[in-house]
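Structure first, commentary second.
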Amino acid sequence: MSASPPPPPETPPRHKKAPPIPPWPGLEVLEDEVVWGQRFALQRVRFRYARFDGTPSGILTWELWRRGQGVLILPYDPATDRIAMIEQFRLPALAAGLPPVMTECPAGLLEAGEDPVACATRELAEEAGLAARAVETIGRFQLMQGGCDEVVHFHCARVDLADATASTHGLATEHEETRVLLLPAEEAFRMVADNRIQNAPAALALLWLQVNRARLREQWKD
């Protein structure tokens, strides 16, 4: 009696941050492969899409960096009209030829099923040592639609900066160090206008605050 053939090798589970590309009218996915999967995943996809006239495009091969969803929170004190930013070292900025110490807003990644506001207020405490007295939703934005799926939920927090001072924070377990930078609102807006803030998320949040500042000062005056 011949021995039974060995069972086929088990397919490793798909990376949780790299699910298959969802269907879309006119989209034909020819190959969908996760080529790297650690904390994040890199997905290589060969596909065609329907052009605006309805004809199929040529075959494209794109690498897609799967980061999932994140949060950002801009701390603003309407009583003192000041903003708290953070500064931290960013290796990608240095690789891009920019100063590696970036002026940013507290931000982080969402865990599966996590509430964006809860995540944002946690990041505010961890990275700036501040507590949110109220939170206003700004919106959600994709930061790099040409190569990464990350969508970030933006918020603005009402905080008390009357007694705040420059300080350092961050999670020691992540070797994270953030330094708080306190700015008058007008100075922060000038930094955007002068291109002294060179990361898009912080610039976008500050431009939103510049438009909504008078409303928030009235809404948060009590």
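The values are calculated or read from the model by the stated rules, or taken from the named source; none is laboratory data. From a predicted model like this one, the values you see are computed outputs, not experimental measurements. Counting neighbours? That spans all protein chains shown, and the Cβs are built from the backbone with ideal geometry, glycine included. The protein model used for the area step is the full one, side chains on, heavy atoms only, and it has no ligands, DNA or RNA in it. Shrake-Rupley method; radii C 1.70, N 1.55, O 1.52, S 1.80 Å.
Below is a table of values for the structure above.
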{"read-out": "Which numbered condition residue 213 fails, given (1) touching a Pro at 6+ places or on another chain (Cβ under 9 Å); (2) more than 21 Å from residue 80 (Cβ to Cβ); (3) not hydrophobic (A, V, I, L, M, F, W, C)", "value": "(2)"}
{"read-out": "Region 98-113, subset free of Cβ contacts under 8 Å to residues at least 24 places away in the same chain and assigned to a loop (DSSP other than H, G, I, E, B), residue least open to solvent (accessible area, probe 1.4 Å)", "value": "100"}
{"read-out": "Hits in region 44-67 (condition: part of a strand (DSSP E or B) and either hydrophobic (A, V, I, L, M, F, W, C) or crowded, with 17+ Cβ neighbours inside 10 Å (or both))", "value": "45, 47, 50, 60, 62, 64, 65, 66"}
{"read-out": "Unmet requirement for residue 212, which otherwise passes all of (1) open to solvent by 40 Å² or more (accessible area, probe 1.4 Å); (2) among the polar types (S, T, N, Q); (3) in contact (Cβ under 8 Å) with a residue 40 or more places away in the chain", "value": "(1)"}
{"read-out": "Every residue from region 68-97 that is within 30 Å of residue 216 (Cβ to Cβ) and either of a type in the set (D, E, K, R) or open to solvent by 70 Å² or more (accessible area, probe 1.4 Å) (or both)", "value": "69, 77, 79, 81, 82, 87, 90"}
{"read-out": "Whichever residue in region 27-43 is among the hydrophobic types (A, V, I, L, M, F, W, C) and either closer than 14 Å to residue 68 by Cβ or in a strand (DSSP E or B) (or both) and, among such residues, is nearest to the chain's Cα centre (by Cα)", "value": "40"}
{"read-out": "Neighbours by Cβ (under 9 Å, 6+ apart or cross-chain): first from region 171-182, over 13 Å from residue 105 (Cα atoms); second surrounded by fewer than 16 Cβ atoms within 10 Å (Cβ to Cβ)", "value": "177/89; 177/168"}
